[in-house]
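As structure tokens, the structure follows; a few thoughts come after it.
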């Protein structure tokens, strides 16, 4: 009986409790939809709480009010597909390094998709699309304690308004704190949950923190999720620069870091549909929107004729196609495959002589880590399915040795970088001085040559760790 009384008090003894979403939170969520178009670039990271493995993806995104276009460029090494069990790059697997393009129509609930290197389109209902949870609306990052999937902020706000909950708000140290307390559908472990939003009115009502607590029968709170958001002012608008989410109990970490954010530019697309995927008229399209009606995969093959419209193969040949179109499509399919291959490897894969595509890497120690990471990928053949580890793959000891070589070379480079930094500071001070009479010191080529010699030594030492069979497998 005591536990029940405690819970009733916790549920109702809030600051000014009510059953409606407070205006302050409604305003904060709505502010994420306060522009018509946007161009964004960001990197998403997921860290497993079990293995500690990190999954990364880089995105370029175009936004209108009701459409979103994602260009998935993969991780920093150009790898798109990862082993879901280990997080290891699936290099050597078809389409592993082929960038993806997805356009989602929030009004129709449809999603168009193409993968570079494949001369075809795909269309599906968003609710059935494999990327529904992976590709979330960036306008919704950091406003909730959970992944909102295909929900935009305004749609999610409607769901909040329909939720049976007790709401309250209070002001503290210039911030607004909004609380929502509700019964859990599964109350076997904790009958109540409490969500706490912290809003900064000075930053266009930005949501800077979200916390989720579970409340047990004795009224004890356990923190289940915390979301923290950092903002920067882009012109007249405050926008996310970083959103970080962590589950203390599971150890899972999600983050999104923005490197670009532009809003309402004249150069932005005002409408986005399958035409923006730049595929020719008549391209083969796999239409999965009706598969739930019992259609087989072969029956889903249609032809795209523009404007988001598809027709059957027969309609295409009878009413739209002409000999020139057919020849153009044949050339398009052949040239696409020739240009991209099967997408098994990133573009830098066979450019070891060119330092794996890293320009100026020899005198730029900040890039040496990327070089070593790519070297490890290059000499670590992927396991074939249901087979033992390849005998010519790098061992754990070899990989550990590679990172040790990097650490040593960075240590040797540090005094050179400090010397270069000091020379640069002297040059700036001299240029800013009104009475400077001596010639300012500058970083000369000898510094870069010295760094280059250390980098050459790094490469040589890495190669010496390889066995003969590994050297030939990497060629």
Inset, instruction - Among the residues of region 321-336, write down those that are assigned to a helix (DSSP H, G or I) and surrounded by 14 or more Cβ atoms within 10 Å (Cβ to Cβ). - result: 325, 328, 329, 332, 333, 336
Legend entry - Count - residues of region 417-446 that are modelled with pLDDT under 90 and either part of a helix (DSSP H, G or I) or outside the structural domain of residue 367 (by TED's automatic domain parsing) (or both): 14
Legend entry - Subset of region 238-254 that is free of Cβ contacts under 8 Å to residues at least 60 places away in the same chain and over 19 Å from the mean Cα position of the chain (by Cα) - its residue that is surrounded by the most Cβ atoms within 10 Å (Cβ to Cβ): 238
Legend entry - Residues located in region 265-278, provided they are surrounded by fewer than 17 Cβ atoms within 10 Å (Cβ to Cβ) and either in the same structural domain as residue 108 (by TED's automatic domain parsing) or on the phi < 0 side of the Ramachandran plot (or both): 265, 266, 267, 269, 270, 271, 275, 276
Inset, instruction - Go through (1) closer than 30 Å to residue 121 by Cβ; (2) at pLDDT below 90 one by one and return the number of the condition residue 354 breaks. - result: (1)
Inset, instruction - Identify, from the list 26, 44, 48, the residue that is surrounded by fewer than 19 Cβ atoms within 10 Å (Cβ to Cβ), in the same structural domain as residue 202 (by TED's automatic domain parsing), closer than 30 Å to residue 182 by Cβ and within 18 Å of the chain's Cα centre (by Cα). - result: 48
Inset, instruction - Filter region 201-217 down to the residues that are surrounded by fewer than 19 Cβ atoms within 10 Å (Cβ to Cβ), at pLDDT 90 or above and over 26 Å from the mean Cα position of the chain (by Cα), then identify the one that is farthest from residue 236 (Cα to Cα). - result: 214
Inset, instruction - Among the candidates 125, 121, single out the residue that is surrounded by fewer than 21 Cβ atoms within 10 Å (Cβ to Cβ) and assigned by TED's automatic domain parsing to the domain that holds residue 252. - result: 125
Legend entry - Number of the condition not met by residue 367 [criteria: (1) crowded, with 16+ Cβ neighbours inside 10 Å; (2) closer than 30 Å to residue 128 by Cβ; (3) at pLDDT 90 or above]: (2)
Legend entry - Residues within region 94-115 that are in a loop (DSSP other than H, G, I, E, B) and crowded, with 18+ Cβ neighbours inside 10 Å, tallied: 6
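The values are calculated or read from the model by the stated rules, or taken from the named source; none is laboratory data. Worth saying up front: this structure is predicted, and the values here are computed from it rather than measured. Quick reminder, even Gly has a Cβ in these numbers, built from the backbone with ideal geometry, and neighbours come from all protein chains shown.
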